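Below: the structure, in structure tokens.
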Amino acid sequence: MVGFPVPSSVGAVIELLKKSRYAIAFTGAGISADSGVPTFRGPNGLWRRYKPEELASPWGFQRNPRLVWEWYAWRMRIIARARPNPAHYALAALESMGVLKAVITQNVDGLHQRAGSKRVIELHGNIWRARCTRCGHKWLLKEPPSEDELPLRCPRCGALARPDVVWFGEPLPERALREAFEEAEKADLVLVIGTSGVVEPAGSIPVYAKRSGAKLVNINPEPNRYDDIADLNVRERAAPFFRKLMASMGIAMP
Ligand SMILES: [Zn+2]
């Protein structure tokens with residue numbers, strides 16, 4: 001902290017973190033975009049000719065499980081090449097310092113865990129996990145599956161497996177959603193990072209926290225639904241902002 005001019009928004013966020021007793025983070029695609037992970041909101045690149053629903057819906061999977069798995073394997077290869085950025089690392093460091101209690105994420109890429117975050121509530125599942133469509137068995141994939149393994153099958157019962165992510169038309173995992181709202185209720189500070197909050201019901205979690213008495217910090221380069229209820233709007237991308245925050249707090253990047 002010595003001889004380092006602290007940019008005002010960084011200083012303000014540090015002050016809020018210091019005063020908080022139960023801070024949580026709520027993250028979305030923007031934090032992973034800073035690691036080079038595309039939003040995948042719609043098919044891109046080679047996949048442009050498909051509708052999102054063909055690649056990420058129960059009926060799309062029923063119609064062509066191999067095609068869906070190929071898309072997910074392609075995404076996994078992109079994510080495998082990506083690295084956590086200072087925003088992921090800062091959240092993990094704040095957690096190990098006892099400041100941050102949980103990360104609630106809409107991302108499926110596992111970058112929070114790779115950065116060292118322990119308490120991560122995944123609202124939309126995890127792309128590195130497969131789930132049996134018959135017996136429900138779940139297992140982690142260490143690397144993207146190769147073409148000749150697709151579509152993956154359950155190692156226990158041999159039935160067709162699917163990516164353990166939330167698709168169009170599917171509800172959020174009940175337990176994750178319940179835990180997220182419990183954390184939002186307990187929180188006295190929420191860092192909203194890299195999400196416009198348009199996807200429901202996830203987007204309502206920071207709103208619920210605010211109504212339950214938490215302060216809101218909205219760290220997003222673009223205006224969004226949280227602007228009016230946030231106690232502090234930081235119009236910046238996550239990675240550069242948290243790089244400055246870590247420097248100001250004297251936290252080393254791993
Ligand atoms: Zn099975």
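Is it true that Gly203 is free of Cβ contacts under 8 Å to residues at least 24 places away in the same chain, within 16 Å of the ligand (Cβ to nearest atom) and not β-branched (Val, Ile, Thr)? Spell out the reasoning first.
On the way: free of Cβ contacts under 8 Å to residues at least 24 places away in the same chain: yes; within 16 Å of the ligand (Cβ to nearest atom): no; not β-branched (Val, Ile, Thr): yes.
In short, no.
Scanning the range 124-148 for residues that are within 15 Å of Val108 (Cα to Cα) and away from the ligand (no atom under 16 Å from the Cβ) yields His124, Gly125, Asn126, Ile127, Trp128, Lys142, Glu143, Pro144.
One line per residue, one yes/no per condition, for (1) at pLDDT below 95; (2) in the same structural domain as Gly250 (by TED's automatic domain parsing); (3) within 26 Å of Val198 (Cβ to Cβ); (4) of a type in the set (Phe, Trp, Tyr):
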| position | (1), (2), (3), (4) |
| --- | --- |
| Val10 | no, yes, no, no |
| Arg21 | no, yes, no, no |
| Phe26 | no, yes, yes, yes |
| Trp47 | yes, no, yes, yes |
| Pro65 | no, no, no, no |
| Ala93 | no, yes, no, no |
| Val99 | no, yes, no, no |
| Gln106 | no, yes, yes, no |
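The sole residue among Ile193, Ile219 that is farther than 17 Å from Ile121 by Cα and β-branched (Val, Ile, Thr) is Ile219.
The number of residues in the range 206-247 that are acidic (Asp, Glu) and in contact (Cβ under 8 Å) with a residue 60 or more places away in the chain comes to 2.
When we screen Arg162, Arg156, Arg114 for residues that are within 16 Å of the ligand (Cβ to nearest atom), at pLDDT 95 or above and open to solvent by 40 Å² or more (accessible area, probe 1.4 Å), the only hit is Arg156.
Consider the range 165-196 and keep the residues that are among the acidic types (Asp, Glu) and in contact with a Ser or Thr (Cβ under 7 Å, 6 or more places away or on another chain). The one that is nearest to the ligand (Cβ to nearest atom) is Glu185. Checked against (1) closer than 25 Å to Pro145 by Cβ; (2) open to solvent by less than 10 Å² (accessible area, probe 1.4 Å), Ala87 passes all but condition (1).
The values are calculated or read from the model by the stated rules, or taken from the named source; none is laboratory data. Just so we're clear, the structure is a prediction, and the values are computed from it rather than from any experiment. Glycine gets a Cβ as well: all are built from the backbone with ideal geometry, and neighbour counts include every protein chain shown. These area figures cover heavy atoms from the full protein model, side chains too; ligands, DNA and RNA do not enter into them. Shrake-Rupley method; radii C 1.70, N 1.55, O 1.52, S 1.80 Å.
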